[in-house]
Amino acid sequence: MPVRSGTQLSRKLGQKKQRRTSEAEQHQSPPGASQTPPPKEPRLDLPMTLGPQRSIYFSNRPARLGLEFFDQPPVSLAQAFLGQVLVRQLDDGTELRGRIVETEAYLGPEDEAAHSRGGRQTPRNRSMFMKPGTLYVYLIYGMYFCMNVSSQGDGACVLLRALEPLEGLETMRQLRSTYRRASTGRALKDRDLCSGPSKLCQALAIDKSFDQRDLTKDKAMWLEHGPPQPREPAVVAAARVGIGSAGEWAQKPLRFYIQGSPWVSVIDRAAERDAQV
DNA sequence: ACGCAGATGTCCT
DNA sequence: GGACATCTGCGTT
C-alpha cells in the first residue's frame, strides 16, 4: 500500500554482503526446536481457482513473501509491511498470526538513530548488513527484545512495532503473562498483546535465537500477504519512538502506522493533523 | 488520562 | 560507567 511512489522493480541485487551458506543452514532450525517436522495440515480440497498469492501445491494458504518483497529501500519496505501478516509457528505446530500495523525505518550509516550509524558493524548488529529479509533481533534494557527485518541498503532495516492479533490470541496472552509479575492476575486486554516492539516479541515467542534468520526461508516464522481490505488504509508518517538523543534524525517522519487502527502502540495526533491538509 | 521509577544485560566510550 | 529503537505498576490529576 504505497503512500508514496517508491522504486519498484528496477533494483539490483547483491548490495549486501553474502551470507555464508553454513550460517544460513545453522539458523534454519532453532536450538531446542523439535526435530520432527510439525504435523501436516489436514488434506484440503484444492480450490477450483488458484489466485496468484496462493501456492499451487497442496495448500490453500497464502504463500510466504520472498526476497523480491524485502529487497526494497527501508522507507518503502516499512510502508509495504503495513497490512501484511506475520506468522509464527511454535514448536508444537501452533500458528500465531498478526497483521502488521506499525513499523519504523532505519536508514543505515547516515541515520544517527540506527545501530548501524556511521557504518558501525558489531557482532550484535551484523544482521543489519545481511541480505534483505534477514531478522535483526536484539536485547534492549536488559530484558526485552526488538525485531527488525533487514531491507535493501547496507545497514538499513525496518523495526516491527505493533500487530493486530488475528490468530492464537490465547497463546499470545499466555506467552505475554509469563514475563509479567504474577502479582496482578488480571488477564491482558487484546490491545496489550502486540502493541509495542517488545510486546510483540513476547507474544510471538521471539528471542535472540531468531537473530540472523531468513524470513524468506525460516520454518518457524514467515510473512504472508494480508487479506484484501475494502479500502486502502490511510498511512500516517510520524517521528520514531524512543530515540530522543539522535538529534535531527529523531524528528524525521520514519515511523509509519495505519491511521485509526486501535492496535498501534503510540498515536501521534499532531502528525495526523498535519497530514490531512 | 498521564508521569515516573525501577527492572536488568549488553554494547560501546 | 552510561546509554539503551521498553514495559509495568503505582502514584497523582
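Before moving on, here are some points about what is shown:
- Value of relative contact order over the stretch A:108-155, rounded to a whole percent, pairs C-alpha under 8 Å and six or more apart: 33
- Nonlocal amide H pairs with A:Met221, under 5 Å, H built at 1.01 Å: A:Gln89
- Segments A:85-93, A:97-105 sorted - mean Cβ within 10 Å per residue, highest first: A:97-105, A:85-93
- Available extension along the chain between A:Leu67 and A:Ala234 is 57.5 nm, counting 0.36 nm per residue and deducting the alpha carbon span.
- Extension gain, A:Met143 back to A:Asp91 (0.36 nm per residue minus Cα-Cα distance, nm): 16.4 nm
- Counted residue by residue at 0.36 nm each, then reduced by the alpha carbon distance between them, the extension gain from A:Arg124 to A:Ala250 reaches 43.1 nm.
- Protection proxy ranking for A:128-134, A:228-234, A:264-270, using the average of other Cβ atoms within 10 Å per residue and placing the highest first: A:128-134, A:264-270, A:228-234.
- Nearby aspartates and glutamates by direct alpha-carbon distance to A:Lys189 (threshold 14 angstrom, same-chain neighbours under 8 apart not counted): A:Glu164, A:Glu170
- For the stretch A:134-277, the square roots of the Cα gyration tensor eigenvalues, ordered a ≥ b ≥ c, give a/c below 1.5, which places it in the rounded category.
Readers should treat all values here as calculations from the given coordinates under stated rules, not as data from a laboratory. Every value quoted in this text rests on a predicted model; they were computed, and no experiment measured them. Methodologically, a virtual Cβ is constructed for each residue, glycine included, from the backbone with ideal geometry; neighbour enumeration extends over all protein chains shown.
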